[in-house]
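See below for the structure under consideration.
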Amino acid sequence: MRGQLRRLTALAVPVYAELLSGVIASVIGALWVAGLGGAAVAAVTLAGTVENLLLGLVLVVASGTSVRLSHALGAGDHAEAARTTRAAWRLCAAVSAALAVPGFLLRDRLAGVFLDGEAADQATGYLTVAFPAFALFVGQRVADELFKGAGDTRTPMRIALLSNALLLLLDPLLILGPGPLPALGVPGAALALALSRAIALAVTLRLRRPRRQRQLPRPGRGAGPQPHAPRGTDGVGAAALRILRAGAPFGLDFTARMAVGTAQLAMVAGFGVAAVAGYGLGYRVLLVVTMAFYALRQAAAIEAARLTGAGEGAALRTLHRATGRLAALLGAVAAVLSVTLAVPLAALFTEDRAVAAQSVGFLRSAALYLLPYALVVALGGVHQAAGAGRPLVVSVLLGLGAQLAASVALSGPLGVSGVWIGPAVGAVVQLALLAALTRSRCSRGAVGGVCQSGGHGSHPGRAADPAPARR
(Lines give C-alpha, C1' and ligand atoms only; values in the text may rest on other atoms or scores of the structure.)
Protein backbone atom coordinates (compact mmCIF):
# COMPACT_ATOMS: atom_id res chain seq x y z
CA MET A 1 0.00 0.00 0.00
CA ARG A 2 2.75 2.48 0.92
CA GLY A 3 4.56 1.77 -2.31
CA GLN A 4 1.43 2.52 -4.32
CA LEU A 5 0.82 5.72 -2.37
CA ARG A 6 4.36 6.88 -3.10
CA ARG A 7 4.01 5.93 -6.77
CA LEU A 8 0.70 7.78 -7.11
CA THR A 9 2.09 10.86 -5.40
CA ALA A 10 5.20 10.87 -7.59
CA LEU A 11 3.03 10.71 -10.72
CA ALA A 12 0.31 13.12 -9.57
CA VAL A 13 2.34 16.03 -8.16
CA PRO A 14 3.94 17.00 -11.52
CA VAL A 15 0.54 16.73 -13.23
CA TYR A 16 -0.94 19.08 -10.63
CA ALA A 17 1.88 21.58 -11.14
CA GLU A 18 1.29 21.36 -14.89
CA LEU A 19 -2.45 22.06 -14.53
CA LEU A 20 -1.96 24.83 -11.96
CA SER A 21 0.56 26.68 -14.12
CA GLY A 22 -1.97 26.78 -16.94
CA VAL A 23 -4.66 28.29 -14.73
CA ILE A 24 -2.28 30.94 -13.37
CA ALA A 25 -1.13 31.93 -16.87
CA SER A 26 -4.75 32.09 -18.05
CA VAL A 27 -5.79 34.36 -15.19
CA ILE A 28 -2.86 36.74 -15.71
CA GLY A 29 -3.48 36.81 -19.45
CA ALA A 30 -7.11 37.69 -18.81
CA LEU A 31 -5.96 40.71 -16.79
CA TRP A 32 -3.99 42.06 -19.79
CA VAL A 33 -7.00 41.62 -22.07
CA ALA A 34 -9.31 43.23 -19.50
CA GLY A 35 -7.48 46.53 -20.07
CA LEU A 36 -8.76 46.55 -23.66
CA GLY A 37 -12.42 46.78 -22.63
CA GLY A 38 -15.52 44.64 -22.38
CA ALA A 39 -15.65 43.71 -26.08
CA ALA A 40 -12.15 42.27 -25.91
CA VAL A 41 -12.95 40.29 -22.76
CA ALA A 42 -16.08 38.87 -24.38
CA ALA A 43 -14.13 37.90 -27.51
CA VAL A 44 -11.41 36.05 -25.62
CA THR A 45 -13.98 34.41 -23.33
CA LEU A 46 -15.83 33.06 -26.36
CA ALA A 47 -12.60 31.73 -27.86
CA GLY A 48 -11.70 30.00 -24.62
CA THR A 49 -15.16 28.44 -24.42
CA VAL A 50 -14.84 27.12 -27.98
CA GLU A 51 -11.46 25.55 -27.18
CA ASN A 52 -12.90 23.92 -24.05
CA LEU A 53 -15.73 22.42 -26.08
CA LEU A 54 -13.26 21.03 -28.62
CA LEU A 55 -11.10 19.72 -25.78
CA GLY A 56 -13.60 16.93 -25.18
CA LEU A 57 -12.72 15.46 -28.59
CA VAL A 58 -9.01 16.00 -28.08
CA LEU A 59 -9.18 14.19 -24.74
CA VAL A 60 -10.47 11.06 -26.46
CA VAL A 61 -7.18 10.77 -28.35
CA ALA A 62 -4.90 12.12 -25.63
CA SER A 63 -6.26 10.09 -22.70
CA GLY A 64 -6.64 6.97 -24.81
CA THR A 65 -3.00 7.28 -25.87
CA SER A 66 -1.61 7.30 -22.33
CA VAL A 67 -3.86 4.42 -21.23
CA ARG A 68 -3.08 2.20 -24.21
CA LEU A 69 0.65 2.96 -24.15
CA SER A 70 0.91 2.25 -20.43
CA HIS A 71 -1.10 -0.97 -20.92
CA ALA A 72 1.20 -2.17 -23.71
CA LEU A 73 4.36 -1.36 -21.80
CA GLY A 74 3.02 -3.01 -18.66
CA ALA A 75 2.54 -6.17 -20.73
CA GLY A 76 6.05 -5.87 -22.12
CA ASP A 77 4.58 -5.57 -25.63
CA HIS A 78 6.85 -2.95 -27.16
CA ALA A 79 5.57 -3.72 -30.65
CA GLU A 80 2.09 -2.67 -29.54
CA ALA A 81 3.62 0.37 -27.84
CA ALA A 82 5.22 1.36 -31.15
CA ARG A 83 1.93 0.87 -33.00
CA THR A 84 0.14 2.95 -30.35
CA THR A 85 2.64 5.77 -30.78
CA ARG A 86 2.26 5.82 -34.57
CA ALA A 87 -1.52 5.61 -34.29
CA ALA A 88 -1.58 8.49 -31.80
CA TRP A 89 0.26 10.81 -34.19
CA ARG A 90 -2.04 9.87 -37.06
CA LEU A 91 -5.09 10.54 -34.92
CA CYS A 92 -3.48 13.83 -33.91
CA ALA A 93 -3.24 14.88 -37.57
CA ALA A 94 -6.79 13.73 -38.33
CA VAL A 95 -8.35 15.49 -35.32
CA SER A 96 -6.38 18.70 -35.98
CA ALA A 97 -7.59 18.86 -39.58
CA ALA A 98 -11.17 17.89 -38.71
CA LEU A 99 -11.46 20.68 -36.12
CA ALA A 100 -9.17 23.44 -37.40
CA VAL A 101 -10.21 23.60 -41.06
CA PRO A 102 -14.01 23.89 -40.53
CA GLY A 103 -13.43 26.17 -37.55
CA PHE A 104 -11.30 28.56 -39.59
CA LEU A 105 -13.75 28.62 -42.51
CA LEU A 106 -16.73 29.22 -40.20
CA ARG A 107 -15.06 31.60 -37.75
CA ASP A 108 -17.20 34.61 -38.77
CA ARG A 109 -20.44 32.70 -38.31
CA LEU A 110 -19.25 31.17 -35.04
CA ALA A 111 -18.46 34.58 -33.59
CA GLY A 112 -21.75 35.99 -34.85
CA VAL A 113 -23.82 33.29 -33.16
CA PHE A 114 -22.73 34.41 -29.68
CA LEU A 115 -21.61 38.02 -30.10
CA ASP A 116 -22.32 41.06 -32.25
CA GLY A 117 -20.73 44.34 -33.19
CA GLU A 118 -17.19 45.03 -32.05
CA ALA A 119 -17.05 41.96 -29.83
CA ALA A 120 -17.89 39.68 -32.77
CA ASP A 121 -15.23 41.35 -34.93
CA GLN A 122 -12.61 40.91 -32.23
CA ALA A 123 -13.60 37.27 -31.68
CA THR A 124 -13.22 36.68 -35.43
CA GLY A 125 -9.73 38.20 -35.29
CA TYR A 126 -8.77 35.90 -32.41
CA LEU A 127 -10.15 32.79 -34.11
CA THR A 128 -8.37 33.69 -37.35
CA VAL A 129 -5.10 33.06 -35.54
CA ALA A 130 -6.29 30.40 -33.11
CA PHE A 131 -7.83 27.84 -35.47
CA PRO A 132 -4.79 27.39 -37.76
CA ALA A 133 -2.66 27.01 -34.62
CA PHE A 134 -5.01 24.46 -33.08
CA ALA A 135 -2.80 21.63 -34.35
CA LEU A 136 -0.11 22.85 -31.93
CA PHE A 137 -2.50 22.33 -29.02
CA VAL A 138 -3.50 18.84 -30.16
CA GLY A 139 0.11 17.87 -30.88
CA GLN A 140 1.24 18.99 -27.43
CA ARG A 141 -1.50 17.02 -25.72
CA VAL A 142 -0.60 13.85 -27.63
CA ALA A 143 3.12 14.29 -26.96
CA ASP A 144 2.47 14.86 -23.26
CA GLU A 145 0.36 11.72 -23.04
CA LEU A 146 3.08 9.67 -24.72
CA PHE A 147 5.45 10.73 -21.95
CA LYS A 148 2.82 10.04 -19.30
CA GLY A 149 1.99 6.64 -20.75
CA ALA A 150 5.66 5.77 -20.27
CA GLY A 151 5.42 6.79 -16.60
CA ASP A 152 7.06 10.21 -17.05
CA THR A 153 4.87 13.05 -15.76
CA ARG A 154 7.78 15.38 -15.00
CA THR A 155 8.67 16.18 -18.60
CA PRO A 156 5.12 17.39 -19.46
CA MET A 157 5.21 19.48 -16.28
CA ARG A 158 8.47 21.14 -17.34
CA ILE A 159 7.13 21.77 -20.84
CA ALA A 160 3.95 23.30 -19.39
CA LEU A 161 5.99 25.59 -17.15
CA LEU A 162 8.05 26.66 -20.17
CA SER A 163 4.97 27.27 -22.33
CA ASN A 164 3.16 29.26 -19.67
CA ALA A 165 6.25 31.30 -18.81
CA LEU A 166 6.55 32.22 -22.48
CA LEU A 167 2.87 33.15 -22.53
CA LEU A 168 3.32 35.44 -19.54
CA LEU A 169 6.19 37.15 -21.38
CA LEU A 170 4.53 37.39 -24.79
CA ASP A 171 1.05 38.49 -23.70
CA PRO A 172 1.92 42.10 -22.70
CA LEU A 173 4.36 42.44 -25.62
CA LEU A 174 1.88 41.42 -28.32
CA ILE A 175 -1.36 42.66 -26.75
CA LEU A 176 -0.23 46.11 -25.59
CA GLY A 177 2.82 46.63 -27.83
CA PRO A 178 5.18 48.55 -25.51
CA GLY A 179 7.91 50.65 -27.12
CA PRO A 180 8.38 50.08 -30.85
CA LEU A 181 6.24 46.91 -30.88
CA PRO A 182 2.79 47.22 -32.47
CA ALA A 183 -0.22 46.83 -30.18
CA LEU A 184 -2.11 43.88 -31.70
CA GLY A 185 -4.87 43.72 -29.10
CA VAL A 186 -7.04 40.58 -29.11
CA PRO A 187 -5.28 38.96 -32.11
CA GLY A 188 -2.05 39.55 -30.21
CA ALA A 189 -3.37 37.40 -27.37
CA ALA A 190 -4.04 34.59 -29.85
CA LEU A 191 -0.61 35.03 -31.43
CA ALA A 192 1.10 34.95 -28.03
CA LEU A 193 -0.66 31.69 -27.21
CA ALA A 194 0.25 30.19 -30.59
CA LEU A 195 3.93 31.17 -30.31
CA SER A 196 4.25 29.84 -26.76
CA ARG A 197 2.71 26.53 -27.86
CA ALA A 198 4.88 26.32 -30.98
CA ILE A 199 8.10 26.76 -29.02
CA ALA A 200 6.99 24.30 -26.34
CA LEU A 201 6.02 21.68 -28.92
CA ALA A 202 9.35 22.10 -30.73
CA VAL A 203 11.18 21.49 -27.45
CA THR A 204 8.94 18.50 -26.70
CA LEU A 205 9.63 16.86 -30.07
CA ARG A 206 13.35 17.45 -29.61
CA LEU A 207 13.20 15.74 -26.21
CA ARG A 208 11.30 12.79 -27.65
CA ARG A 209 13.82 12.11 -30.42
CA PRO A 210 16.55 10.45 -28.32
CA ARG A 211 13.95 8.29 -26.58
CA ARG A 212 13.11 6.50 -29.80
CA GLN A 213 16.52 4.88 -29.63
CA ARG A 214 16.00 3.24 -26.24
CA GLN A 215 13.29 1.66 -24.14
CA LEU A 216 12.23 4.15 -21.49
CA PRO A 217 9.66 2.31 -19.39
CA ARG A 218 10.14 -0.85 -17.46
CA PRO A 219 7.60 -3.59 -18.06
CA GLY A 220 5.58 -4.93 -15.15
CA ARG A 221 6.60 -8.04 -13.29
CA GLY A 222 3.91 -10.05 -15.03
CA ALA A 223 5.11 -9.05 -18.50
CA GLY A 224 5.35 -11.78 -21.04
CA PRO A 225 7.84 -12.09 -23.87
CA GLN A 226 8.07 -9.13 -26.17
CA PRO A 227 6.76 -9.78 -29.68
CA HIS A 228 8.57 -8.49 -32.72
CA ALA A 229 7.36 -5.12 -33.92
CA PRO A 230 5.71 -5.26 -37.31
CA ARG A 231 6.97 -3.11 -40.13
CA GLY A 232 4.94 -0.62 -42.11
CA THR A 233 1.39 0.28 -41.16
CA ASP A 234 0.20 -3.21 -40.13
CA GLY A 235 -1.92 -2.96 -37.01
CA VAL A 236 -1.80 0.84 -36.73
CA GLY A 237 -5.47 1.20 -37.68
CA ALA A 238 -6.46 -1.33 -35.02
CA ALA A 239 -4.26 0.48 -32.50
CA ALA A 240 -6.04 3.74 -33.36
CA LEU A 241 -9.40 2.13 -32.66
CA ARG A 242 -8.12 0.87 -29.30
CA ILE A 243 -6.97 4.39 -28.45
CA LEU A 244 -10.41 5.78 -29.29
CA ARG A 245 -12.18 3.10 -27.23
CA ALA A 246 -9.93 3.71 -24.25
CA GLY A 247 -10.25 7.50 -24.44
CA ALA A 248 -13.96 7.79 -25.24
CA PRO A 249 -15.16 7.64 -21.59
CA PHE A 250 -12.73 10.43 -20.60
CA GLY A 251 -13.94 12.62 -23.47
CA LEU A 252 -17.60 11.91 -22.72
CA ASP A 253 -17.04 12.64 -19.04
CA PHE A 254 -15.44 16.02 -19.78
CA THR A 255 -18.01 17.04 -22.39
CA ALA A 256 -20.94 16.07 -20.17
CA ARG A 257 -19.52 18.02 -17.23
CA MET A 258 -18.95 21.06 -19.45
CA ALA A 259 -22.56 20.93 -20.70
CA VAL A 260 -23.98 20.57 -17.19
CA GLY A 261 -21.73 23.35 -15.94
CA THR A 262 -23.11 25.64 -18.63
CA ALA A 263 -26.67 24.74 -17.64
CA GLN A 264 -25.78 25.34 -13.99
CA LEU A 265 -24.45 28.79 -14.84
CA ALA A 266 -27.67 29.59 -16.72
CA MET A 267 -29.67 28.72 -13.60
CA VAL A 268 -27.45 30.91 -11.42
CA ALA A 269 -27.88 33.78 -13.89
CA GLY A 270 -31.57 33.82 -13.05
CA PHE A 271 -30.70 35.11 -9.58
CA GLY A 272 -28.87 38.22 -10.74
CA VAL A 273 -25.44 39.58 -11.61
CA ALA A 274 -24.10 39.31 -8.06
CA ALA A 275 -24.90 35.59 -7.99
CA VAL A 276 -23.10 35.04 -11.31
CA ALA A 277 -20.06 37.03 -10.19
CA GLY A 278 -19.92 35.24 -6.84
CA TYR A 279 -20.23 31.88 -8.56
CA GLY A 280 -17.46 32.82 -11.00
CA LEU A 281 -15.07 33.82 -8.22
CA GLY A 282 -15.84 30.75 -6.15
CA TYR A 283 -15.48 28.46 -9.14
CA ARG A 284 -12.00 29.80 -9.90
CA VAL A 285 -10.95 29.30 -6.30
CA LEU A 286 -12.18 25.69 -6.39
CA LEU A 287 -10.15 25.03 -9.54
CA VAL A 288 -7.04 25.09 -7.38
CA VAL A 289 -8.24 22.12 -5.33
CA THR A 290 -10.28 20.20 -7.91
CA MET A 291 -7.28 20.10 -10.24
CA ALA A 292 -5.60 17.98 -7.57
CA PHE A 293 -8.41 15.44 -8.04
CA TYR A 294 -7.78 15.31 -11.77
CA ALA A 295 -4.04 15.04 -11.28
CA LEU A 296 -4.66 12.00 -9.07
CA ARG A 297 -7.04 10.63 -11.70
CA GLN A 298 -4.36 10.82 -14.39
CA ALA A 299 -1.77 9.20 -12.14
CA ALA A 300 -4.16 6.42 -11.15
CA ALA A 301 -5.15 5.75 -14.78
CA ILE A 302 -1.52 5.51 -15.90
CA GLU A 303 -0.62 3.10 -13.11
CA ALA A 304 -3.82 1.06 -13.46
CA ALA A 305 -3.25 0.60 -17.20
CA ARG A 306 0.32 -0.58 -16.56
CA LEU A 307 -0.77 -3.07 -13.92
CA THR A 308 -3.65 -4.32 -16.09
CA GLY A 309 -1.26 -4.91 -18.97
CA ALA A 310 1.12 -6.74 -16.65
CA GLY A 311 -1.69 -8.91 -15.30
CA GLU A 312 -0.99 -7.84 -11.71
CA GLY A 313 -4.52 -8.11 -10.31
CA ALA A 314 -3.50 -8.03 -6.65
CA ALA A 315 -1.43 -4.88 -7.18
CA LEU A 316 -4.33 -3.33 -9.09
CA ARG A 317 -6.67 -3.89 -6.15
CA THR A 318 -4.08 -2.32 -3.86
CA LEU A 319 -3.88 0.63 -6.24
CA HIS A 320 -7.67 0.99 -6.05
CA ARG A 321 -7.53 1.19 -2.24
CA ALA A 322 -4.58 3.60 -2.29
CA THR A 323 -6.33 5.86 -4.81
CA GLY A 324 -9.47 5.88 -2.68
CA ARG A 325 -7.53 6.86 0.43
CA LEU A 326 -5.65 9.67 -1.31
CA ALA A 327 -8.84 10.95 -2.93
CA ALA A 328 -10.70 10.89 0.38
CA LEU A 329 -7.87 12.82 2.03
CA LEU A 330 -7.77 15.42 -0.74
CA GLY A 331 -11.55 15.77 -0.74
CA ALA A 332 -11.77 16.15 3.03
CA VAL A 333 -8.99 18.75 3.16
CA ALA A 334 -10.60 20.66 0.28
CA ALA A 335 -13.97 20.64 2.06
CA VAL A 336 -12.50 21.97 5.30
CA LEU A 337 -10.59 24.72 3.47
CA SER A 338 -13.68 25.65 1.47
CA VAL A 339 -15.60 26.31 4.68
CA THR A 340 -12.91 27.91 6.80
CA LEU A 341 -11.36 30.13 4.12
CA ALA A 342 -14.52 31.16 2.28
CA VAL A 343 -14.74 34.64 3.84
CA PRO A 344 -11.07 35.70 3.51
CA LEU A 345 -10.85 34.33 -0.03
CA ALA A 346 -13.95 36.22 -1.13
CA ALA A 347 -12.58 39.41 0.45
CA LEU A 348 -9.30 38.87 -1.40
CA PHE A 349 -10.99 38.95 -4.81
CA THR A 350 -13.77 41.51 -4.39
CA GLU A 351 -14.86 44.44 -2.25
CA ASP A 352 -18.46 44.22 -3.43
CA ARG A 353 -20.42 42.95 -0.42
CA ALA A 354 -23.18 41.36 -2.49
CA VAL A 355 -20.71 39.48 -4.69
CA ALA A 356 -18.62 38.44 -1.67
CA ALA A 357 -21.72 37.10 0.11
CA GLN A 358 -22.67 35.01 -2.90
CA SER A 359 -19.12 33.70 -3.26
CA VAL A 360 -19.01 32.70 0.41
CA GLY A 361 -22.35 30.91 0.05
CA PHE A 362 -21.12 29.00 -2.98
CA LEU A 363 -17.83 27.95 -1.36
CA ARG A 364 -19.55 26.72 1.79
CA SER A 365 -22.10 24.77 -0.24
CA ALA A 366 -19.26 23.27 -2.30
CA ALA A 367 -17.89 21.65 0.84
CA LEU A 368 -20.79 19.19 0.65
CA TYR A 369 -19.70 17.75 -2.70
CA LEU A 370 -15.89 17.94 -2.69
CA LEU A 371 -15.34 14.62 -0.87
CA PRO A 372 -17.64 12.44 -3.05
CA TYR A 373 -16.49 14.34 -6.14
CA ALA A 374 -12.84 13.61 -5.37
CA LEU A 375 -13.62 9.90 -5.02
CA VAL A 376 -15.63 9.76 -8.26
CA VAL A 377 -12.94 11.54 -10.27
CA ALA A 378 -9.94 9.61 -8.95
CA LEU A 379 -11.49 6.13 -8.78
CA GLY A 380 -12.94 6.68 -12.23
CA GLY A 381 -9.39 6.76 -13.58
CA VAL A 382 -8.65 3.32 -12.09
CA HIS A 383 -11.84 1.72 -13.39
CA GLN A 384 -11.50 3.21 -16.86
CA ALA A 385 -7.89 2.11 -17.29
CA ALA A 386 -8.79 -1.38 -16.00
CA GLY A 387 -11.50 -1.77 -18.65
CA ALA A 388 -14.64 -0.59 -16.81
CA GLY A 389 -15.32 2.44 -18.99
CA ARG A 390 -19.02 1.75 -19.52
CA PRO A 391 -19.99 1.80 -15.80
CA LEU A 392 -18.00 5.01 -15.44
CA VAL A 393 -19.87 6.74 -18.27
CA VAL A 394 -23.28 5.52 -17.07
CA SER A 395 -22.63 6.69 -13.49
CA VAL A 396 -21.43 10.11 -14.68
CA LEU A 397 -24.35 10.72 -17.03
CA LEU A 398 -26.99 9.62 -14.52
CA GLY A 399 -25.27 11.50 -11.71
CA LEU A 400 -25.12 14.71 -13.73
CA GLY A 401 -28.79 14.28 -14.57
CA ALA A 402 -29.52 13.99 -10.86
CA GLN A 403 -27.47 17.13 -10.27
CA LEU A 404 -29.53 19.19 -12.70
CA ALA A 405 -32.81 17.80 -11.36
CA ALA A 406 -31.79 18.56 -7.77
CA SER A 407 -30.65 22.07 -8.66
CA VAL A 408 -33.97 22.84 -10.34
CA ALA A 409 -36.04 21.30 -7.53
CA LEU A 410 -34.11 22.96 -4.70
CA SER A 411 -33.83 26.39 -6.34
CA GLY A 412 -37.52 27.01 -5.61
CA PRO A 413 -37.51 26.71 -1.82
CA LEU A 414 -33.83 27.58 -1.26
CA GLY A 415 -33.09 30.09 -4.00
CA VAL A 416 -29.59 30.16 -5.49
CA SER A 417 -28.31 28.04 -2.58
CA GLY A 418 -30.45 25.22 -3.93
CA VAL A 419 -28.65 25.46 -7.27
CA TRP A 420 -25.32 25.17 -5.47
CA ILE A 421 -26.43 22.12 -3.48
CA GLY A 422 -27.27 20.28 -6.71
CA PRO A 423 -23.63 19.26 -7.41
CA ALA A 424 -23.44 17.55 -4.01
CA VAL A 425 -26.48 15.44 -4.87
CA GLY A 426 -25.00 14.61 -8.26
CA ALA A 427 -21.60 13.63 -6.84
CA VAL A 428 -23.16 11.30 -4.24
CA VAL A 429 -25.33 9.66 -6.93
CA GLN A 430 -22.30 9.22 -9.21
CA LEU A 431 -20.25 7.63 -6.43
CA ALA A 432 -23.04 5.25 -5.44
CA LEU A 433 -23.71 4.24 -9.05
CA LEU A 434 -20.02 3.73 -9.81
CA ALA A 435 -19.67 1.42 -6.81
CA ALA A 436 -22.86 -0.50 -7.62
CA LEU A 437 -22.17 -0.87 -11.35
CA THR A 438 -18.57 -2.00 -10.91
CA ARG A 439 -19.67 -4.50 -8.23
CA SER A 440 -22.31 -5.81 -10.61
CA ARG A 441 -19.71 -6.10 -13.34
CA CYS A 442 -17.45 -8.08 -11.03
CA SER A 443 -20.26 -10.42 -10.01
CA ARG A 444 -20.87 -11.23 -13.69
CA GLY A 445 -17.23 -12.28 -14.01
CA ALA A 446 -16.09 -9.41 -16.21
CA VAL A 447 -12.36 -9.27 -16.82
CA GLY A 448 -10.55 -6.60 -14.89
CA GLY A 449 -7.88 -6.72 -12.22
CA VAL A 450 -9.88 -4.59 -9.76
CA CYS A 451 -12.66 -7.18 -9.79
CA GLN A 452 -10.78 -10.40 -9.49
CA SER A 453 -10.38 -12.30 -6.27
CA GLY A 454 -7.32 -14.16 -5.16
CA GLY A 455 -3.74 -12.99 -4.96
CA HIS A 456 -2.47 -14.03 -8.35
CA GLY A 457 -4.01 -11.28 -10.47
CA SER A 458 -5.35 -11.64 -13.98
CA HIS A 459 -3.75 -13.64 -16.71
CA PRO A 460 -1.32 -11.42 -18.65
CA GLY A 461 -2.61 -12.58 -22.01
CA ARG A 462 -6.21 -11.81 -21.14
CA ALA A 463 -5.40 -8.48 -19.55
CA ALA A 464 -3.61 -7.40 -22.69
CA ASP A 465 -6.53 -8.41 -24.91
CA PRO A 466 -8.26 -5.22 -26.06
CA ALA A 467 -11.59 -6.98 -26.64
CA PRO A 468 -14.01 -4.21 -27.68
CA ALA A 469 -16.93 -5.68 -25.74
CA ARG A 470 -15.08 -5.14 -22.50
CA ARG A 471 -13.69 -1.68 -23.21
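The values are calculated or read from the model by the stated rules, or taken from the named source; none is laboratory data. Note that the structure is predicted; figures quoted are calculated from it, not measured. Because the Cβ atoms are built from the backbone with ideal geometry, glycine has one as well, and the counts that use them run over all protein chains shown. Note: areas computed on protein heavy atoms with side chains; ligands, DNA, RNA excluded. Shrake-Rupley method; radii C 1.70, N 1.55, O 1.52, S 1.80 Å.
Of all residues in region 1-48, those being open to solvent by 60 Å² or more (accessible area, probe 1.4 Å) and not in a helix (DSSP H, G or I) number 3. For A300, work out the one condition from (1) more than 17 Å from W420 (Cβ to Cβ); (2) of a type in the set (A, V, I, L, M, F, W, C); (3) open to solvent by 30 Å² or more (accessible area, probe 1.4 Å) it doesn't fulfil. Only one criterion in (1) more than 17 Å from W420 (Cβ to Cβ); (2) of a type in the set (A, V, I, L, M, F, W, C); (3) open to solvent by 30 Å² or more (accessible area, probe 1.4 Å) is unmet by A300, namely (3).
Counting just the residues of region 302-360 that are of a type in the set (D, E, K, R) and assigned to a helix (DSSP H, G or I), which one comes out nearest to the chain's Cα centre (by Cα)?
Restricting to residues being of a type in the set (D, E, K, R) and assigned to a helix (DSSP H, G or I), the top hit is E303.
Counting the residues of region 257-280 that are closer than 20 Å to Q384 by Cβ and open to solvent by 20 Å² or more (accessible area, probe 1.4 Å) gives 3.
Considering L397, L341, L414, L371, the condition of being open to solvent by 50 Å² or more (accessible area, probe 1.4 Å), within 25 Å of L244 (Cα to Cα) and not basic (K, R) is satisfied by L397 alone.
Residue check: T84 meets all listed conditions (1) open to solvent by 50 Å² or more (accessible area, probe 1.4 Å); (2) in contact with a His (Cβ under 9 Å, 6 or more places away or on another chain); (3) polar (S, T, N, Q) but one, namely (1). Among the residues of region 160-184, which ones are buried (at least 22 other Cβ atoms within 10 Å of the Cβ) and not polar (S, T, N, Q)? Within region 160-184, A160, L167, D171, L174, I175 qualify. Quick one: would you say V113 is at pLDDT below 95, of a type in the set (V, I, T) and open to solvent by less than 50 Å² (accessible area, probe 1.4 Å)? No; evaluated as a whole, the condition is false for this residue.
Filtered by the rule that a residue be open to solvent by 10 Å² or more (accessible area, probe 1.4 Å), among the hydrophobic types (A, V, I, L, M, F, W, C) and within 14 Å of A378 (Cβ to Cβ), region 303-338 gives L326, A328, L329, L330, A332, V333. Test of understanding: among S411, S395, which residue is in contact (Cβ under 8 Å) with a residue 40 or more places away in the chain and under 27 Å from V333 (Cα atoms)? The match here is S395. Just name the residue that is nearest to the chain's Cα centre (by Cα) out of those in region 132-155 that are assigned to a helix (DSSP H, G or I) and over 18 Å from S196 (Cβ atoms). Once the filter is applied, the top-ranked residue is E145. Here are the criteria: (1) over 15 Å from E51 (Cβ atoms); (2) open to solvent by 30 Å² or more (accessible area, probe 1.4 Å); (3) in a helix (DSSP H, G or I); (4) modelled with pLDDT under 95. Tell me which single one Q213 does not satisfy. The failed condition is (3).
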